[in-house]
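**Q** Structure below; questions to follow.
Each reported figure results from applying straightforward, stated rules to the coordinates on display, with no laboratory input. This is a predicted model, so every value here is computed, not measured. All Cβ positions, glycine included, derive from the backbone under ideal geometry; neighbour counts span all protein chains shown.
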Amino acid sequence: MKEFIYGLPKVELHLHIEGSLEPELMFELAQRNQVQIPYTSPQAVRDAYQFHNLQSFLDIYYQGANVLIHEQDFFDLTWAYLLRCKEDNVVHTEIFFDPQTHTSRGIAFETVVNGIHRALEQGREALGISSQLIMCFLRHLDEASAFETLAQALPHKDKIIGVGLDSSELGHPPEKFHQVFQQALKEGFLTVAHAGEEGPAQNIDDALVLLGTTRIDHGVRCVEDDDLVTRLIEARVPLTVCPLSNTKLKVFESMAHHNVVDLLRKGMCVTLNSDDPAYFGGYMNDNFMAVAQAHPMSREEVAQFTLNAIEASFISDGEKARLR
Ligand code: ADE
Ligand code: ZN
């Protein structure tokens, strides 16, 4: 099974580029940019990655992003991720970035988007990896800040296919961002949102109805509403599930308790993704392996995760046919 998984072409749809910042690169950038970090070695950074819920992770994750200052830093970060994609046979990836994490520190939106975009272009040419870029609004900030961020994105529509919603789900439901998502839709962006990760199943429904999302990030708490599960299956609404993230952040007690294989067998369009691989201990192959070890599957079932991800991706039908 390991050989099959490693050889399987994979499509990643849920990856925060800031969450791919490995401790070694964090150290390198801290030195290069003269930024103080509260660790003495990359190993000390790894030792600090003990999380008991989403917020305990987010606090450390936003702090890590402080070393990213120049366009070249965003390029280097994205390029390192793409090299890991190549190793894991990821042939297409749709990555998130959090502009507000950087603009709030005085980094220009252009600096961030241009660095990431340049690496994605190089990845297409030199590695044969296709990609799309999605910008996320931080839901712990207010809707006015999201509107500002949307305005900053308008000159970069050629580089950004969609908008998403991430950060602390509890206390920050989809309706808080109803207006800005409606505006984003009018501007021609596709929409996605983290929902039903730590928050209730109702957030999934609200993301679909109020935010016009065409797929849901995480969504694993859909099982708390039988009627919602039926509708997600019938409408082929994709869920971008992140197994190692969910166990590290205690959404599930262990991989044996994870529901993604059950959802797959019910016919839902579930996909496997790495979320923040530098923080959760694994990229795509590791996520596939962890699920397969805890839930023995046939090869056809494992391959269905890739077929679902192709179906759920934001690429043309022609491109989808090429990937299948
Ligand atoms: N930002 C980065 N990773 C996240 C996650 N798993 N949930 C919400 N926001 C995030
Ligand atoms: Zn995420």
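**Q** For region 234-250: of the residues being outside any helix (DSSP H, G or I) and within 16 Å of ligand 2 (Cβ to nearest atom), which is surrounded by the fewest Cβ atoms within 10 Å (Cβ to Cβ)?
**A** Lys250
**Q** Further, regarding this structure: If Val113 passes every condition in (1) touching a residue at least 24 places away in the same chain (Cβ under 8 Å); (2) closer than 22 Å to Asp286 by Cβ but one, which one does it miss?
**A** (2)
**Q** Which count do you get for residues in region 274-291 that are surrounded by fewer than 20 Cβ atoms within 10 Å (Cβ to Cβ) and either closer than 11 Å to Val261 by Cβ or over 16 Å from the mean Cα position of the chain (by Cα) (or both)?
**A** The qualifying residues number 2.
**Q** Note down all Cβ pairs under 8 Å where the first residue falls in region 184-197 and is on the phi > 0 side of the Ramachandran plot, the second is more than 16 Å from ligand 2 (Cβ to nearest atom) and assigned to a loop (DSSP other than H, G, I, E, B), and they're at least six residues apart or on different chains.
**A** Gly188/Lys157
**Q** Across region 1-54, what is the total count of residues that are assigned to a helix (DSSP H, G or I), of a type in the set (A, V, I, L, M) and within 16 Å of ligand 2 (Cβ to nearest atom)?
**A** Total satisfying the criteria: 2.
**Q** Still on this model: Every residue in region 252-267 that is crowded, with 21+ Cβ neighbours inside 10 Å and in a loop (DSSP other than H, G, I, E, B), please.
**A** Once the filter is applied, which keeps residues that are crowded, with 21+ Cβ neighbours inside 10 Å and in a loop (DSSP other than H, G, I, E, B), region 252-267 yields only His258.
**Q** Would you be able to say whether some residue in region 218-234 is in contact (Cβ under 8 Å) with a residue 40 or more places away in the chain and within 22 Å of Asn89 (Cα to Cα)?
**A** Among the residues of region 218-234, not one is in contact (Cβ under 8 Å) with a residue 40 or more places away in the chain and within 22 Å of Asn89 (Cα to Cα), which makes the answer no.
**Q** I'd like to know if region 71-89 contains one or more residues that are outside any helix (DSSP H, G or I) and either touching a strand residue (DSSP E or B) at 6+ places or on another chain (Cβ under 9 Å) or over 22 Å from Pro23 (Cα atoms) (or both).
**A** Yes: one or more hits.
**Q** A further question on this structure: Criterion first (closer than 17 Å to Ile216 by Cα, surrounded by fewer than 24 Cβ atoms within 10 Å (Cβ to Cβ) and more than 16 Å from ligand 2 (Cβ to nearest atom)) does Arg231 satisfy it?
**A** It is true that Arg231 is closer than 17 Å to Ile216 by Cα, surrounded by fewer than 24 Cβ atoms within 10 Å (Cβ to Cβ) and more than 16 Å from ligand 2 (Cβ to nearest atom).
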